[in-house]
Amino acid sequence: MLNIIIFGPPGAGKGTQAEITAEKFKLFHLSSGEILRSAAKKPELEKEINSYLSSGRLVPDNLIIKMVNINIDKKIGQQGIIFDGYPRTIKQAKYLDATFEKKDVNKPIVLNLNLEEESAISRILSRGKNSERSDDNAKVIKERFKVYHKQTEPLLDYYREKGRLIDIDGEVDIEGVSKNIIVTLKELEKSL
Ligand code: ADP
């Protein structure tokens with residue numbers, strides 16, 4: 001069973017590619033950003049969650065781990081999962097590995113969308129024009145990149161050392177990236 005993490009900086013196209021890939025390979029698309037944006041619609045959570053989202057900081061590990069785990073528990077071992085935006089810290093990554101170990105299910109492989117920061121920023125800014133997201137503006141984008149470099153990028157070494165990281169060229173257009181992903185996953189499926 002394919003379990004995948006779609007990884008990359010903000011604006012890399014994780015959400016778009018996760019959606020296309022989920023459809024093609026019948027995977028369950030688990031987007032931590034979507035989980036948070038939808039939880040923020042509940043009055044009792046709105047203020048707390050939005051304070052993180054609109055400033056570009058990460059939601060505390062304990063909170064996001066709990067929310068994501070409810071979704072993992074429903075699917076793990078029954079349907080392949082594609083993680084989008086998760087994990088984003090070493091703590092989340094270790095917790096996720098432990099969850100898969102406990103269930104004796106193959107741990108997820110990471111597809112790292114490689115692209116220049118400049119390309120990622122210009123993508124977010126053009127999305128920002130028609131986006132309802134409070135974090136798609138220049139000031140918050142800067143903070144999201146800072147957080148990415150400090151807290152999320154170290155995961156690349158974590159997964160590379162474990163031999164679970166595959167680089168994907170994220171600089172080409174949407175269709176080009178998804179073609180690369182499909183070829184990679186078909187190969188991967190053969191080896192499972
Ligand atoms: P992007 O990857 O483009 O920044 P996301 O929708 O994945 O967009 O994330 C938006 C925001 O949601 C993040 O800036 C962060 O505040 C919060 N968030 C999403 N995933 C996580 C996570 N795994 N851990 C902590 N916070 C998260």
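The values are calculated or read from the model by the stated rules, or taken from the named source; none is laboratory data. This one's a predicted model, so the numbers in the text were calculated from it and none came from an experiment. All Cβ positions, even for glycine, are placed from backbone atoms using ideal geometry, and neighbour counts span all protein chains on display.
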- [ ] Can you tell me which residue within the range 41-58, out of those that are in contact (Cβ under 8 Å) with a residue 24 or more places away in the chain and either among the aliphatic types (A, V, I, L, M) or in a helix (DSSP H, G or I) (or both), is nearest to T16 (Cα to Cα)?
- [x] L53
- [ ] Please specify each residue of the range 127-167 satisfying the condition of being part of a helix (DSSP H, G or I), within 13 Å of the ligand (Cβ to nearest atom), under 17 Å from the mean Cα position of the chain (by Cα) and surrounded by 13 or more Cβ atoms within 10 Å (Cβ to Cβ).
- [x] I141, R144, F145, V147, Y148, Q151, T152, L155
Task: Odd one out for L111, checked against (1) within 24 Å of D97 (Cβ to Cβ); (2) assigned to a loop (DSSP other than H, G, I, E, B); (3) among the hydrophobic types (A, V, I, L, M, F, W, C) - done: (2)
TODO: Within the range 135-152, identify whether any single residue is under 20 Å from M1 (Cα atoms) and basic (K, R), and answer yes or no.
DONE: no
TODO: Please find, within the range 1-39, the residue that is farthest from the ligand (Cβ to nearest atom) out of those that are on the phi > 0 side of the Ramachandran plot and at pLDDT 95 or above.
DONE: K26
TODO: Any residue in the range 10-34 that's touching a residue at least 60 places away in the same chain (Cβ under 8 Å): show its pairings with residues that are within 7 Å of the ligand (Cβ to nearest atom) and part of a loop (DSSP other than H, G, I, E, B) at Cβ separation under 8 Å, as long as the two are six or more apart or on different chains.
DONE: K14/G85; G15/G85
Task: Set I121, I109: member being surrounded by 17 or more Cβ atoms within 10 Å (Cβ to Cβ) and farther than 22 Å from R160 by Cβ - done: I121
TODO: Run I124 past the list (1) under 15 Å from the mean Cα position of the chain (by Cα); (2) assigned to a helix (DSSP H, G or I); (3) hydrophobic (A, V, I, L, M, F, W, C) and report the number of the one that doesn't hold.
DONE: (1)
TODO: Within the range 63-92, work out how many residues are assigned to a helix (DSSP H, G or I) and either more than 10 Å from the ligand (Cβ to nearest atom) or at pLDDT below 95 (or both).
DONE: 9
TODO: Can you tell me which residue within the range 53-82, out of those that are touching a Leu at 6+ places or on another chain (Cβ under 7 Å) and under 19 Å from V147 (Cα atoms), is surrounded by the fewest Cβ atoms within 10 Å (Cβ to Cβ)?
DONE: L53
Open item on the list: Condition first: at pLDDT 95 or above and over 25 Å from N180 (Cβ atoms). Now tell me which residues in the range 106-139 satisfy that.
Closed with: none
- [ ] Could you list, in sequence order, all residues of the range 99-118 that are under 26 Å from Y52 (Cβ atoms) and without any contact (Cβ under 8 Å) to a residue 60 or more places away in the chain?
- [x] T99, E118
Task: Hits in the range 23-38 (condition: among the aliphatic types (A, V, I, L, M) and out of contact with any Phe, Trp or Tyr (no Cβ under 7 Å at 6 or more places or on another chain)) - done: L27, I35, L36
TODO: Output the residues belonging to the range 27-52 that are of a type in the set (K, R) and exposed (fewer than 15 other Cβ atoms within 10 Å of the Cβ).
DONE: K41, K42, K47
Task: Filter result for L192 (at negative phi and within 15 Å of the chain's Cα centre (by Cα)) - done: no
